[in-house]
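What follows is a short report on a single structure.
Values in this text are rule-based calculations from the coordinates and carry no lab data. All figures in this text were calculated on a predicted structure; none of them were measured in a lab. Ideal geometry is used to build each Cβ from the backbone, glycine not excepted, and the neighbour counts take in all protein chains shown.
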């Protein structure tokens, strides 16, 4: 949904998320991650520390603009209803990308903080924590939604999702901006490589 079509409260929420993220990125670039405090980020964004923690769990999340993942029901349905075959992996990749994108709640592109992630390992570790939590949330969602199909079907669905996550990481190595561009050639190439690899193994 476009920003202009959102209600006032939701627009204010998004604006605060972005303001806090901008303040956090600026301060970390100026002072370093260790010497930047939540209080300083909140002050620069013009909000209280209490408000900060209503939006982000820690200063690392503010730099990343990251929060808990959301699971898009429509893409889960598309994946679970897809017949066995190559298209199912593509739908799984689409689902994983959408979940990963939902973590970035503070707006902005991955490129905006990439150099900070390289400079400060704590940020990379925090990104990995969010990714692992999102993967677990998605796996749990699939178990709950697909349990009537039987354990074999559930396990295949979960395995495909895990594979899709690996495909995304593979593509990321070639194009670090793949999360900002789902149409990246690196993603299509990664899917193709994994399909061919599995054919060769069979």
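The alpha carbons of the stretch 1-114 give a radius of gyration and a Dmax of 17.1, 53 Å, in that order. Were the residues from residue 132 through residue 111 laid out at 0.36 nm apart, the gain over their Cα-Cα distance would be 5.4 nm. Simple spin-label estimate for residue 49 and residue 143 gives 3.8 nm between the two label positions (7 Å along the Cα-to-Cβ direction from each Cα). The Cα-based radius of gyration of the chain, divided by its Kirkwood radius, gives an Rg/Rh of 1.02.
Taking the square roots of 5 times each eigenvalue of the Cα gyration tensor of the stretch 101-166, largest first, gives ellipsoid semi-axes of 31, 12, 9 Å. With contacts taken as Cα pairs under 8 Å and at least 6 residues apart, the chain reaches a relative contact order of 20 percent. Note: the stretch 147-202, Cα convex hull, 92 Å³ per residue. Between residue 14 and residue 26, the distance separating the two model label sites (each 7 Å from Cα on the Cα→Cβ line) works out to 2.1 nm. Residue separation of residue 156 and residue 57 scaled by 0.36 nm, minus their Cα-Cα distance, works out to 32.3 nm of gained length.
Comparing 22, 119, 90 in a Gaussian network model of the chain where C-alpha atoms under 10 Å apart are linked, the largest mean-square fluctuation is found at 119. If you run the Gaussian network model on the chain, springs between alpha carbon atoms under 10 Å, then out of 79, 52, 146 the most flexible one is 146. Distance from the Cα centroid of the stretch 9-43 to that of the stretch 63-115 is 24 Å (rounded to whole angstrom).
Counting only helical runs of four or more DSSP H residues, what would the 222 nm mean residue ellipticity of the chain come to if each run contributes -39,500 (n - 2.57) and the total is spread over all its residues?
It comes out at -23500 deg cm²/dmol, rounded to the nearest 500.
Need one number: the % of Cα-Cα pairs in the stretch 3-63 sitting beyond the 16 Å mark. It works out to 38 percent of all Cα pairs. Net length available on complete extension from residue 118 to residue 37 is 27.2 nm, with 0.36 nm assigned per residue and the Cα-Cα distance removed.
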